[in-house]
Structure formats: structure tokens, C-alpha cells
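These notes are about the structure you will find just below.
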Amino acid sequence: MGGVVTKSESLEKEWVPETKLEAKIIEAVQRRATKGTTMKSFNSIVLKFPKIDVGLRNCKAIFQEFDEDSNGSIDHTELKNCIRKLEISFEEDEINDLFKACDINEDMGITFTEFIVLLCLVYLLKDDSSTLQKKWTMGMPKLEPTFETLVDTFVFLDDNKDGYVSRDEMVRAIDESGERSSGRIAMKRFEEMDWDKNGMVNFKEFLFAFTQWVGIDENEEEEDDEDNKEKA
């Protein structure tokens, strides 16, 4: 990876997306940013955590539907079947890019947490939300408000609307909330988001961190898988 360039370090250099998918995500986030954000403060985001947690857990039934061999992860073939059944028009290379981007631990399988991130990326990348609502079956339309809240939150944090969240933007957002030790909290939250430690957080990194913030984790998934095996 090239040298790290943060917004605070250089206003002249432009951050270059590493993949075609990341470029599309940035374009989609910037498009969405033109509509503004309903978030007023970081505190208003925190207050939504419980509702977001419930919304994301509603993805579980959908995940199990497409985990055809019930092994606790969705492989590449199962993902292609998922996209086809949901009647989402993605090209083969786009599906490949999504799979690679969301398979964080590179085990050739999409876990439940990774599936949540993948669905939210699909939601963001769809240009026509009315078509999305018609096509997304099996409970998908019910997830739209949750995914929209996540997009709205990212737009709020991305103060200069360049498609990334910088350390400075995170500090400002939490400083304005009036929290004690806000600087320390902001740095901790930013480090949780900045997985590749390049000083900039893209939407995918934000989503993975957010699932942890609201209480969804891999350990819980493993316990659920064990319970399912025992019942079987």
C-alpha cells in the first residue's frame, strides 16, 4: 500500500480508491450525501444502537436461507444463487469483487457479520431504491430503514463528503457531543474502524466496526452454529 495521506496532512492530494468496487462505493456515498443527513450528533447515533441491533439481527433468517449447506458461511456459489434469487442485476466480476471485499478473514466463506456488510453494500450500490424495494423479497424491504440509517450515519461522519472518514472528522463529531474524554473515545472508535491503519476509513470498514458497536460479533455466531448442530 502506498504512503498514508490524511485529510489533515494534505488538502491538495486526493485519496485514490484501491479497487473498482471501492470507487463505486465512494461514488454511491457521495451521491447519497447530496440528500443530506438526519443525524444531528454522535449521541443521536448512539441512541439508535438498540434499534439498529434488532434490525441487523433480522438478517439472520435471510442468511440461513442462502447458507444452503448450513455450514455457517456462504460460499461463492451460494452468493451467486443469493444474488440471482433476489433478482439483483450484478455482473459476474461485481459479485466476485463483493465476495472478496467482504470475506475479511479470507476463508472463502461469508460469515453472518460479513453477510450483513455485503447486504448493506448491495443496498448502497443500487441506484433505484424503488426497484430495490420491489425486488428484495424474503424480508429485505424491512431491512431498508436499518441500512439507510447506517448510510446516513456514515454521511454524517464524513464531514467533507469525500467518501471517507478521517481521524479529524471522527474527533470533531464526538467532541461536539460534549462527552467527557471525547478525544480518547474518538481515537478508540477510529482505530476500531481503520482496519488497514491507513488513516482513512471507507464505508466497508465503517460497517464492520458498526456491527461490533451494536453488539453483533463472531463469537455469538459460533455459539448459534453449535446450538443448531446440537438440535440437528
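Bear in mind that the values in this text are calculations on the coordinates, not laboratory data. These figures come from a predicted structure and were not determined experimentally. Methodologically, a virtual Cβ is constructed for each residue, glycine included, from the backbone with ideal geometry; neighbour enumeration extends over all protein chains shown.
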- Query: Which residues in the stretch 43-69 have a backbone N closer than 16 Å to a point placed 7 Å from the Cα of LYS188 along the Cα-to-Cβ line?
  - Reply: 43, 46
- Take the Cβ-Cβ distance between ASP196 and THR34 as r, set R0 to 25 Å, and report the resulting FRET efficiency rounded to the nearest 0.05. 0.35
- Query: Measuring from label point to label point, each 7 Å out along Cα→Cβ, what is the GLU106 to GLU91 span in nm?
  - Reply: 2.6
- Message: Given R₀ = 22 Å, what would the calculated FRET efficiency be for GLU176 paired with ASP53, taking r from the Cβ atoms and rounding to 0.05?
- Response: 0.35
